[in-house]
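Derivation of every value follows stated rules applied to the coordinates shown; laboratory data play no part. From a predicted model like this one, the values you see are computed outputs, not experimental measurements. Note that we place each Cβ from the backbone using ideal geometry, even for glycine, and neighbour counts take in every protein chain shown.
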Amino acid sequence: MCGIVGVAGDISVKHEKVFKSLLFFDVLRGEDSTGIISVNKQNKTSWYKKALPAYEFMATRRFDKILKDSHKVLIGHNRAATKGHVSDENAHPFQYESITAVHNGTLRGVSLLDEGSHFDVDSEALIYNMALHGIEEVYSNRLHGAAALVWWDASDETLNFIRNDERPLYYAYSDDFKQLYWSSEWQILNLALSRADMKVHKNKFNSVKPHHLYKFTIPSKINEKIDKAKVKKLSPYVAPKPKTTTYNSGGYHGYSGNQYRSGRKYQGFGPGDSCYFKVTGRVGDTFTGHAIGTNPPVPVRISCRAHVQCDKEVVPKLVAGIANDLYFTGRVQYLDWTNSIAADRKATLVVTPYSVKDSEIPQEKKQLPLLQNNSQLIPYGSMLIPADEWREMVTSGCFVCNQIPKEDQAKDIIWMDATSFVCSDECEIKSYQGGA
């Protein structure tokens, strides 16, 4: 469970205090990490995130500096980690192309998302795909799991909300329609606004309708009202219905009923899904290995019975794979849960032998499509960017010591938002202490 909060519109000091209250109260929904997105009146987007609870995050110098700007949108996120390690990089928001977004929810698998297994956090994989394909394609065909999303889209300069029926999201207008407030819980909204003696329109907290995209245009001028959102209904992704078959104790083609559960998935894999794997061992006509891009590694098994095609094609191919450290793709036939126990449900992916094909490039070494393939790429956060772009990004110098780093120092840089950074751990510690 994570939490999302925010304020938009004609934001003054008193509205910033409401935002701070919202972010502070929202720590009840997550204290592993905190992050904010700021959009100023010139539509410039800044963000900052740290693996700190909100009450420590708001004491940092960088947080104070961001709030000194003139904003028209402030988005906050409190993370309770479910998938992925607790780290600055895995905190929200995530930014790809024109999308800077936060997500509350846990996906049931990332197999429908392009490059899903590359990401430590399912939320980042989801937001990356939103930048690749657009929200309508992702929501209807790729988003499998719980989700409430809030993001700023720089391409059309809009604030966007969407949720499904597995995660809450509430919003309210100020009495004069000059401000918009939102939170994962209406009680948090009510508490923060009541403490500031702020009234909302008709004393009403509205729930975002499930499967509806809300698109707000937020004015930059002072005292200008916010128009009501443009709302569009989207069709949610519907997972295929399970086709679980029960077999008698004698099994079916040698498989017991506990093995053959065609309606279930494990780590995003289910019957019929493509699996990228490596073979590491052999016992008789059975080969074993593990799927690539899963954490922890998911076991894979290929059973090659006496058959002309297996003997002549598949077996030699898999034997060569063990000897030469090769990679393969294949189709999952079913999940074998035989050796799992109730407290720790784990499955083995049983791959159809006739579907096994050679794979030349290991998936774990591929570059993401959004990353430019340049002769010299430099680390920038969780991405790689061309060297000339990177040099432009660091011209402002370190936030603490003002030094401009060299390219061989790129891996040590800690990015505080899209354009601000500290050049080392030492400088980051100084930023907490109020500077050098």
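Extending 7 Å from Cα along the Cβ direction at Lys357 and again at Lys228 yields two label points whose distance is 5.1 nm.
Report the extension gain between Thr395 and Asp69 in nm, rounded to one decimal, defined as 0.36 nm multiplied by the number of residues separating them, less their alpha carbon distance. Residue separation times 0.36 nm, minus the Cα-Cα distance, leaves 115.3 nm.
For Glu157 and Lys199, the FRET efficiency from 1/(1 + (r/R0)^6), where r spans their Cβ atoms and R0 equals 35 Å, is about 0.80.
Length gain on complete extension for the stretch His133 to Ser220, per 0.36 nm per residue less the alpha carbon to alpha carbon distance?
Details: separation 87, 0.36 × 87 = 31.32 nm, distance 2.86 nm.
Taking 0.36 nm per residue and subtracting the Cα distance, the gain is 28.5 nm.
Subtracting the Cα-Cα distance from 0.36 nm times the residue separation, let me have the gained length for His212 to Asp412 in nm, one decimal.
Working: separation 200, 0.36 × 200 = 72.00 nm, distance 4.15 nm.
Extra length available between His212 and Asp412 comes to 67.8 nm.
Here the label points at Ala323 and Ser140, each 7 Å from Cα along the C-beta direction, are separated by 5.1 nm in the simple model. The modelled label-to-label distance between Asn43 and Lys14, using points 7 Å beyond Cα along the C-beta direction, is 3.0 nm.
Which loop-located GluC sites (Glu not before Pro) does the range 71-162 contain, where loop means any DSSP state but H, G, I, E or B and the Cβ has at most 12 other Cβ atoms within 10 Å? Answer by residue number: there is no such site.
Give the cross-link partners of Lys20 among the aspartates and glutamates, using a straight C-alpha distance below 13 Å as the criterion and excluding same-chain residues fewer than 8 apart. Result set, ordered by chain and number: Glu56, Asp64. When +1 charges are put on Lys and Arg Cβ atoms and -1 charges on Asp and Glu Cβ atoms, the dipole computed for the range 28-74 relative to its Cα centre reaches about 300 debye.
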